[in-house]
Amino acid sequence: MTKPATASEPGTTPASARQYLHELPSGSRAVVQQIDGEDEALRRLMAMGLCVGREIEVVRQGNPLILRLLDARIGVSGRLARRVAVERAP
């Protein structure tokens, strides 16, 4: 499980400014800020490269949500997308 970021840590976003993966429109880019929870499905996503600090792109919104990361596309269920906090990339 990842440690929740706090406002005092450099390069972090206050929780009130965060969005969750399921809220991003198709075509948007973001950086993963926090992953809430610890279960087998989240561990598999993390093993595929979805981890704090990683830049991702939403290829297609829906269920499953399709992400591009590390030159690959992965599908993420809506249930899991609600547990991944992100900050939009410029």
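FYI, it's all coordinate maths here, none of it is from the lab. Nothing here was measured: the structure is a model prediction, and the numbers come from that model. Here Cβ is always computed from backbone atoms with ideal geometry, including for glycine, and neighbour counts include all displayed protein chains.
Which residues, taken from the range 47-90, are in a strand (DSSP E or B) and without any contact (Cβ under 8 Å) to a residue 12 or more places away in the chain?
Across the range 47-90, the qualifying residues are Ile66, Gly75.
Which of the residues that make up the range 49-78 are of a type outside the set (Val, Ile, Thr), more than 14 Å from Pro25 (Cα to Cα) and out of contact with any helix residue (DSSP H, G or I) (no Cβ under 8 Å at 6 or more places or on another chain)?
Gly49, Leu50, Cys51, Gly53, Arg54, Glu55, Leu69, Leu70, Asp71, Ala72, Arg73, Gly75
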